[in-house]
Amino acid sequence: MVVLKTKAEIDKMRIACSIVREVLEKLEDFVKPGITTLDVDKFAESIINSRDAVPSFKGYRGFPASVCTSVNEVVVHGIPGDRKLNDGDIVSVDVGAFIGGFHGDAARTFAVVDISEKSERLIRVTRESFFEGIKKAVIGGRLTDISNAIQTHVEAHDYGVVRDFFGHGIGRELHEEPTIPHFGRANRGLRLRAGMVVAVEPMVTEGDYSVTTLKDGWTAVTSDGSLAAHYENTVAITSSGPEILTL
Ligand code: MG
């Protein structure tokens, strides 16, 4: 069942979402060569805690850290640890915060200083695909209009869009209905209504879109070892159009 949110509830979600945004903005300067993904985790957690919020991912289905850190060929759900970031790497950080009974969720892929033009393009197209999708997040439209717009943009740039992980509704639960594929034919699925709040999060690969989950049960890498990028925001569908709460 899709839980519609009232205006007051969306206002509460704004608080969780503003903390997620703050973390991602501060990571822009924090991410640099020589730090580990665990440093990223600790930094993010300290900001979330300083706002009296709780990291949404910590302990979620047993996830052992506060944020997900996915370097280069890691698509999503990378576990923070002793992997050092090197000049030229890209690192996707997925951040969730819970406060006042609601979650916020967003992700960005950061450049570790000087990245190649190829990597920059991958990050840019991934971000653009989110915005192409969100243009369709309007009342009366249908769920897979978003999916199709994302896939169309990604594939026009000869990249792959991941099939194994989905966007989702969000609110009192981190993952609510509906499940939102980032690919597929338009004009299917439920009709979009005011009060739906969704996390749309295309994961885009430089090569083939197939992914493999490592033995830790979390870390998802591209099967062909190619680079992957991730871009996500929490978005409220309102009578005045889509409102991105984590920007
Ligand atoms: Mg999400």
Taking the range 164-204, which residues are surrounded by 17 or more Cβ atoms within 10 Å (Cβ to Cβ) and assigned to a strand (DSSP E or B)?
167, 168, 169, 176, 178, 180, 197, 198, 199, 200, 203, 204
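Per-residue answers, yes or no, for (1) within 16 Å of the ligand (Cβ to nearest atom); (2) in contact with a Phe, Trp or Tyr (Cβ under 7 Å, 6 or more places away or on another chain):
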site	(1), (2)
199	yes, no
202	yes, yes
205	no, yes
210	no, no
219	no, no
224	no, no
227	no, no
236	yes, no
247	yes, no
Regarding the range 97-104, can at least one residue be identified that is closer than 22 Å to residue 181 by Cβ, open to solvent by 10 Å² or more (accessible area, probe 1.4 Å) and either within 16 Å of the ligand (Cβ to nearest atom) or at pLDDT 95 or above (or both)?
yes
Meets criteria (more than 14 Å from the ligand (Cβ to nearest atom), under 16 Å from residue 203 (Cα atoms) and touching a residue at least 24 places away in the same chain (Cβ under 8 Å)) for residue 69:
yes
Please state which of the following conditions residue 137 fails to meet, knowing it meets all the rest: (1) part of a loop (DSSP other than H, G, I, E, B); (2) without any contact (Cβ under 8 Å) to a residue 60 or more places away in the chain.
(2)
Let me confirm something: among 39, 82, 11, which residue is of a type outside the set (Phe, Trp, Tyr) and not in a helix (DSSP H, G or I)?
82
Read through the list (1) touching a helix residue (DSSP H, G or I) at 6+ places or on another chain (Cβ under 7 Å); (2) open to solvent by less than 20 Å² (accessible area, probe 1.4 Å), then give the number of the only condition that residue 135 fails.
(2)
Given the criteria more than 16 Å from the ligand (Cβ to nearest atom) and on the phi > 0 side of the Ramachandran plot, does residue 184 qualify?
yes
If you take the residues in the range 105-126 that are crowded, with 16+ Cβ neighbours inside 10 Å and among the charged types (D, E, K, R), which one is nearest to residue 36 (Cα to Cα)?
108
Of all residues in the range 126-162, which are within 16 Å of the ligand (Cβ to nearest atom), of a type outside the set (Val, Ile, Thr), under 20 Å from residue 92 (Cα atoms) and touching a Phe, Trp or Tyr at 6+ places or on another chain (Cβ under 7 Å)?
127, 130
The range 93-105 residues that are farther than 7 Å from residue 16 by Cα, paired with ones that are β-branched (Val, Ile, Thr) and near the ligand (Cβ under 10 Å from one of its atoms) (beta carbon under 8 Å, 6 or more apart):
94/76; 105/95; 105/170; 105/234
Out of the range 144-161, which residues are crowded, with 17+ Cβ neighbours inside 10 Å, touching a Ser or Thr at 6+ places or on another chain (Cβ under 9 Å) and within 28 Å of residue 194 (Cα to Cα)?
149, 150, 151, 153, 154, 161
Output the residue which, of all residues in the range 52-69 that are in a loop (DSSP other than H, G, I, E, B) and touching a strand residue (DSSP E or B) at 6+ places or on another chain (Cβ under 7 Å), is most open to solvent (accessible area, probe 1.4 Å).
52
What do you reckon, is residue 31 within 22 Å of residue 235 (Cα to Cα) and either within 16 Å of the ligand (Cβ to nearest atom) or open to solvent by less than 50 Å² (accessible area, probe 1.4 Å) (or both)?
no
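The values are calculated or read from the model by the stated rules, or taken from the named source; none is laboratory data. Predicted model, so just to flag it, every value in this text is computed and none were measured. For neighbour counting, all protein chains shown are included, and Cβ atoms are generated from backbone atoms with ideal geometry for every residue, glycine included. Note: accessible area is taken over every heavy atom of the protein model, side chains too, but ligands, DNA and RNA are not part of it. Shrake-Rupley method; radii C 1.70, N 1.55, O 1.52, S 1.80 Å.
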